[in-house]
Amino acid sequence: MGGVPVTLAWSWFVIAAAIVLLFGPQVARALPELGSPGAYAVALGYAVLLLLSVLAHELAHALTAQAWKWPTPKIVLTLWGGHTQFGDVHATPGRSLVVALAGPAANFLLALAGRLILPFFEPGTVGWLLTDIFVWANVLVAIFNVLPGLPLDGGRIVESAVWKATGVQEKGTVAAGWAGRIIAAALVAAVLIPPYLQGRTPGLSLVIITALVSGFLWMGASASISNARLRLRLPAVSAASLMEPARQVTSGTPVSDAQRLAAGIHSGTALVVTGPTGRPEAVVDPGALFSVPAHLAAQTPVNAVARALAAGAYVPDAATGQELIQYLSQLTGSEYAVINRDGTVVGLLRQDAVVAAVTGRRPKTRS
């Protein structure tokens, strides 16, 4: 729709079934003349109307983003409503805010349209009931989404304000994520504490719905915080800072020469085997290198005690941040030679060191 693929996830049918089972009996009580089949059909109609409301919400995001040429791979309608995916964009605080709030604005407009249509139906009829539910559903979806915390659209208000003040989007995302966590906790407190103070127990269905919604908010907010912290660490991730020192040896070099070279350099310095063209081809295994008997060392090529690198597994020492991550993601293997501007091997970069730097976790200890 509007050039954007729309996917209906299987999980939507879960919430549709829940709506039918929950509202079917209520419709039967309000309109007993429909009978049970008719009542559940009306409840299904409400589920479909809610789906269309969510679709309009997500389309508003997508079409607004397209006005600024943001790539929009797809819209996915799920158990929790839906989400719109965007590709790599060069956003600003103002544009991000406008795109985020376009969704709730669409729901407010749908609610207004439904309110204008409502008087044309006779109260107590199926048309009147569905239209009335449609109005209130869009109002609630809009209000809920403008709450100022991620993953809700209103979280972009907090994100954009902090982003504008600090000049760093990720700091805004972390702040908005914490706001989302506060909203999740406040929602639980609002549902559970008042009944407790009044000496009564909240209904089971209300507790279940609150747990699901709060859990969704908490997980979404936590994911936003984690992703933002990851992006904040990216500028400090560089091949030069994460590599182990290395020296290069030419393919075919006798093990005896490699042993002397290894013995004369600092402990922990790797030896990288380069081919005739100077490209890195393998990494010497220290244990295997020094296990070669002395009487065979001069006749054994260093390649025999080295593990091969994947094709093209070398990176410039100047590679940093997102550029480095994207480049490494296209390579196979878990070790990469690091070369300087002259093409000389100066280091060895290991995948687990990069992962540790990006995630903030300590790298695995090597024996």
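The values are calculated or read from the model by the stated rules, or taken from the named source; none is laboratory data. Model, not experiment: these values are computed from the prediction. FYI the Cβ positions are ideal-geometry reconstructions off the backbone, even for glycines, and counts take in every protein chain you see. For the accessible areas, the whole protein counts, side chains as well, though only heavy atoms, and no ligand, DNA or RNA atoms are used. Shrake-Rupley method; radii C 1.70, N 1.55, O 1.52, S 1.80 Å.
Pull up the range 6-16, narrow it to residues that are among the hydrophobic types (A, V, I, L, M, F, W, C) and surrounded by 13 or more Cβ atoms within 10 Å (Cβ to Cβ), then point me to the one that is nearest to Pro71 (Cα to Cα).
The residue in question is Val6.
Here are the criteria: (1) closer than 28 Å to Val42 by Cβ; (2) in a helix (DSSP H, G or I). Tell me which single one Pro202 does not satisfy.
Exception for Pro202: condition (2).
Under 28 Å from Glu122 (Cβ atoms), part of a helix (DSSP H, G or I), open to solvent by 30 Å² or more (accessible area, probe 1.4 Å) and not β-branched (Val, Ile, Thr): is that true of Leu63 in this structure?
Spelling it out, it is not the case that Leu63 is under 28 Å from Glu122 (Cβ atoms), part of a helix (DSSP H, G or I), open to solvent by 30 Å² or more (accessible area, probe 1.4 Å) and not β-branched (Val, Ile, Thr).
Could you list, in sequence order, all residues of the range 308-354 that are surrounded by fewer than 14 Cβ atoms within 10 Å (Cβ to Cβ) and under 19 Å from the mean Cα position of the chain (by Cα)?
Passing the criteria: Gln322, Gln326, Ser329.
Take the range 279-299 and flag every residue that is part of a loop (DSSP other than H, G, I, E, B) and open to solvent by less than 30 Å² (accessible area, probe 1.4 Å).
Val292
Is one or more of the residues making up the range 138-146 open to solvent by 60 Å² or more (accessible area, probe 1.4 Å), within 24 Å of Ala185 (Cβ to Cβ), over 19 Å from the mean Cα position of the chain (by Cα) and among the β-branched types (Val, Ile, Thr)?
Yes, the range 138-146 contains at least one residue that is open to solvent by 60 Å² or more (accessible area, probe 1.4 Å), within 24 Å of Ala185 (Cβ to Cβ), over 19 Å from the mean Cα position of the chain (by Cα) and among the β-branched types (Val, Ile, Thr).
Within the range 54-101, restricting attention to residues that are over 24 Å from Trp218 (Cα atoms) and small (Gly, Ala, Ser), which residue is nearest to the chain's Cα centre (by Cα)?
Gly87
Scan the range 240-260 for residues that are out of contact with any Gly (no Cβ under 9 Å at 6 or more places or on another chain) and over 22 Å from Ala294 (Cα atoms) and report the count. Spell out how you get there, then give the answer.
Filtering the range 240-260 down to residues out of contact with any Gly (no Cβ under 9 Å at 6 or more places or on another chain) leaves 241, 247, 249, 252-260.
Keeping just the survivors that are over 22 Å from Ala294 (Cα atoms) gives 241, 247.
Number satisfying all stated conditions: 2.
Considering only the range 6-50, how many residues are under 25 Å from Phe86 (Cα atoms) and part of a loop (DSSP other than H, G, I, E, B)?
3
Listed residues Ala357, Ala304; which is among the small types (Gly, Ala, Ser), assigned to a helix (DSSP H, G or I) and open to solvent by 50 Å² or more (accessible area, probe 1.4 Å)?
Numbers: Ala357 fails: open to solvent by 50 Å² or more (accessible area, probe 1.4 Å).
Just a single option satisfies the conditions, and that option is Ala304.
Taking the condition at pLDDT 95 or above and surrounded by 21 or more Cβ atoms within 10 Å (Cβ to Cβ), does Leu116 pass?
Judged against the criteria, Leu116 is not a match.
Kindly indicate the residue of the range 68-89 that is farther than 17 Å from Pro151 by Cα, surrounded by fewer than 18 Cβ atoms within 10 Å (Cβ to Cβ) and touching a Lys or Arg at 6+ places or on another chain (Cβ under 9 Å) and also modelled with the highest pLDDT among those meeting that condition.
Trp68
Can you name the residue in the range 208-230 that is aliphatic (A, V, I, L, M) and either touching a Phe, Trp or Tyr at 6+ places or on another chain (Cβ under 6 Å) or open to solvent by 50 Å² or more (accessible area, probe 1.4 Å) (or both) and is also nearest to Gly177 (Cα to Cα) among such residues?
Applying the filter and picking the extreme gives Met219.
In this structure, does Gly3 turn out to be assigned to a loop (DSSP other than H, G, I, E, B) and either buried (at least 16 other Cβ atoms within 10 Å of the Cβ) or within 26 Å of the chain's Cα centre (by Cα) (or both)?
Spelling it out, Gly3 is indeed assigned to a loop (DSSP other than H, G, I, E, B) and either buried (at least 16 other Cβ atoms within 10 Å of the Cβ) or within 26 Å of the chain's Cα centre (by Cα) (or both).
Taking the residues in the range 254-269 that are outside any helix (DSSP H, G or I) and at pLDDT below 95 as candidates, determine which candidate is farthest from the chain's Cα centre (by Cα).
The residue in question is Ile265.
Quick one: would you say Tyr336 is aromatic (Phe, Trp, Tyr) and at pLDDT below 90?
Spelling it out, it is not the case that Tyr336 is aromatic (Phe, Trp, Tyr) and at pLDDT below 90.
If you take the residues of the range 20-38 that are surrounded by 18 or more Cβ atoms within 10 Å (Cβ to Cβ) and closer than 18 Å to Ala137 by Cβ, which of them is farthest from the chain's Cα centre (by Cα)?
We begin by selecting, within the range 20-38, every residue surrounded by 18 or more Cβ atoms within 10 Å (Cβ to Cβ); these are 20, 23-24, 27-28.
From what is left, the residues that are closer than 18 Å to Ala137 by Cβ are 20, 23-24, 27.
Details: Val20: 31, Phe23: 34, Gly24: 36, Val27: 39 Å.
My answer is Val27.
The conditions are (1) assigned to a helix (DSSP H, G or I); (2) open to solvent by less than 40 Å² (accessible area, probe 1.4 Å); (3) modelled with pLDDT under 95, and Val174 fails exactly one of them. Which is it?
(3)
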